[in-house]
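The values are calculated or read from the model by the stated rules, or taken from the named source; none is laboratory data. Computed from a prediction, not measured in an experiment: that's the story for all the values here. Please note: Cβ atoms are built from the backbone with ideal geometry, for glycine as well, and neighbour counts cover all protein chains shown.
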Amino acid sequence: MRKFNFSAGPCTLPLEVLQEAQAEFVDFNGTGMSLIEMSHRSSTYDAVHMEAMALARSVFGAPDDFSVLFLGGGATLQFAMIPMNVLRPGQRGAYVVSGEWSSKALDDGSHHGDLYAAWDGKSVDYKRMPTTDEIEIGPNTRYLHVTSNETIGGIRFNDFPLVDVPLIGDMSSDYMSRSIPWERFDLVYGGAQKNLGPAGVDITFVRNSVLEETNQDLGAYLRYDIHAAKNSMYNTPPVFPIYMVGKVLAWMEAQGGLPVIESLAAQKSSLVYEAIDASDGFYFSPVDPASRSHMNVVFRLPSEALDGEFLAEAGRRNMSGLKGYRTAGGVRASLYNAMPVEGVQALVELMADFQSANA
Ligand SMILES: *Cc1c(COP(=O)(O)O)cnc(C)c1O
């Protein structure tokens, strides 16, 4: 029996997609072999690859002047590749430090460029995102890096900052669950494993004018311009994750595309926040309501012992992946695109029952 899987990543995927992949796995479309056994230069794989790329662009509504890249190394490799490729001598990168992931992006990128924190949420315990006027952009700044959703802290930008430099966005944990103001961005990236497929592929959208100016004094795999010129087939791409991402994107399109997915995300997360707000403090969310994530809902119970009992009861009710991040504790319910409303309803019912039994 399939569980309601609230894991923060890798995440739950649509059952239809898993079943389709299972049916095609041994003999792909009558070719007599699995897709993962055939040449990535074959016309069969090429069609899968180009279809996934086209869907990534259309589902997310990326304008024509952006290239789509499928890269290895996860979002983590992008932390380094961004300053390596984008910064020219004398330029600096600004970062909004809003929690664990943005802080990693800044630390890791600092090996490859002159980066600084344009805002650090430490003074507000990383409980909210900054407003535009709190962000301090210094001279010679090439870009402002933002993390649209902090997966561990459970906060998100409701509105992206409106600043004088282009934005670069880590969207790993709310990728293609929301529309974005493309005109403000030069680059958007994220690992697939939180909303879009299995681990093993990062999807980066980069503005073509940026590609023309990227650093060419880098090893081939580290160069955005090479990946773009070769449609992400400069070397052997991660064929299986790309194939799965294509299927998830087609599934998303069949659900009604981004507008439907986005409103479902708002609806699903509201169900849990309403349950928290209606609990008279039994469930406590540390997050500022204006920055509440639509993807990762974090909350605590009155004691650690009750956290544990709550998680055990969730397990008995066929729900998994609800334990909070190892340093944060409590509960974290990740409500990615493939989490059905029924899963969220089951969680909300558990919250009500557990409170009546234990308050
Ligand atoms: C998970 C995550 C990452 C790291 O992704 P990998 O693909 O594992 O490298 C980076 N940023 C955010 C916001 C994440 O949630």
Margin query: Under 8 Å between Cβ atoms, which residue pairs at least 6 apart in sequence (or on different chains) link something in the stretch 123-150 that is small (G, A, S) with a partner that is away from the ligand (no atom under 13 Å from the Cβ)?
Written below: G138/R92; G138/A94; G138/Y116; G138/A118; S148/F160; S148/R178; S148/I180
Notebook entry, point to check: Can you name the number of the only condition in (1) in contact with a strand residue (DSSP E or B) (Cβ under 8 Å, 6 or more places away or on another chain); (2) away from the ligand (no atom under 16 Å from the Cβ) that E213 fails?
Noted result: (1)
Checklist line | Pair list, Cβ < 7 Å and 6+ apart or interchain, from the stretch 189-209 residues that are assigned by TED's automatic domain parsing to the domain that holds G74 and within 17 Å of A229 (Cα to Cα) to residues that are aromatic (F, W, Y) and more than 11 Å from the ligand (Cβ to nearest atom) | finding: I203/F70; F205/F66; V206/F66; V206/Y224; R207/F66; N208/F66
Check: Of everything in the stretch 57-74 that's more than 16 Å from the ligand (Cβ to nearest atom) and part of a helix (DSSP H, G or I), which residue is surrounded by the most Cβ atoms within 10 Å (Cβ to Cβ)?
Finding: F60
Notebook entry, point to check: Taking into account only those residues within the stretch 111-149 that are in contact with a strand residue (DSSP E or B) (Cβ under 9 Å, 6 or more places away or on another chain) and among the polar types (S, T, N, Q), which is farthest from M295 (Cα to Cα)?
Noted result: N140
Notebook entry, point to check: On the given criteria, is L311 in a helix (DSSP H, G or I) and in contact (Cβ under 8 Å) with a residue 40 or more places away in the chain?
Noted result: no
Item checked: Residue, farthest from K247 (Cα to Cα), within the stretch 325-359, restricted to residues that are crowded, with 16+ Cβ neighbours inside 10 Å and not hydrophobic (A, V, I, L, M, F, W, C) -> Q355
Checklist line | Extreme residue, nearest to the ligand (Cβ to nearest atom), among residues of the stretch 126-162 that are closer than 24 Å to V86 by Cα and aliphatic (A, V, I, L, M) | finding: V146
Next item on the list: For the stretch 170-193, name all the residues that are among the hydrophobic types (A, V, I, L, M, F, W, C) and in a strand (DSSP E or B).
Entry: F185, L187, V188
Notebook entry, point to check: Only one residue in S110, S39, S34, S102 is in contact with a His (Cβ under 9 Å, 6 or more places away or on another chain) and either under 17 Å from P238 (Cβ atoms) or at pLDDT 95 or above (or both). Which one?
Noted result: S102
Check: Of these, S123, S102, which one is within 16 Å of the ligand (Cβ to nearest atom) and either outside the structural domain of F185 (by TED's automatic domain parsing) or of a type in the set (G, A, S) (or both)?
Finding: S102
Next item on the list: Starting from residues that are of a type outside the set (F, W, Y), touching a helix residue (DSSP H, G or I) at 6+ places or on another chain (Cβ under 7 Å) and not in a loop (DSSP other than H, G, I, E, B), keep the ones in the stretch 287-299 and report whichever is surrounded by the most Cβ atoms within 10 Å (Cβ to Cβ).
Entry: V297
Checklist line | Of all residues in the stretch 75-100 being hydroxyl-bearing (S, T, Y) and outside any helix (DSSP H, G or I), the one that is nearest to T147 (Cα to Cα) | finding: S98
Check: Out of all the residues in the stretch 244-281, which are more than 26 Å from I180 (Cα to Cα) and surrounded by fewer than 20 Cβ atoms within 10 Å (Cβ to Cβ)?
Finding: D277, A278, S279, D280, G281
Check: How many of the residues making up the stretch 196-213 are buried (at least 20 other Cβ atoms within 10 Å of the Cβ) and of a type in the set (S, T, N, Q)?
Finding: 1
Check: If you go through the stretch 163-183 one residue at a time, how many are away from the ligand (no atom under 12 Å from the Cβ) and in contact with a strand residue (DSSP E or B) (Cβ under 9 Å, 6 or more places away or on another chain)?
Finding: 12
Next item on the list: Test F284 against the criterion of being assigned by TED's automatic domain parsing to the domain that holds S172 and surrounded by fewer than 20 Cβ atoms within 10 Å (Cβ to Cβ), and give yes or no.
Entry: no
Next item on the list: Would you mention how many residues in the stretch 101-116 are without any contact (Cβ under 8 Å) to a residue 60 or more places away in the chain and either in a helix (DSSP H, G or I) or surrounded by fewer than 17 Cβ atoms within 10 Å (Cβ to Cβ) (or both)?
Entry: 10
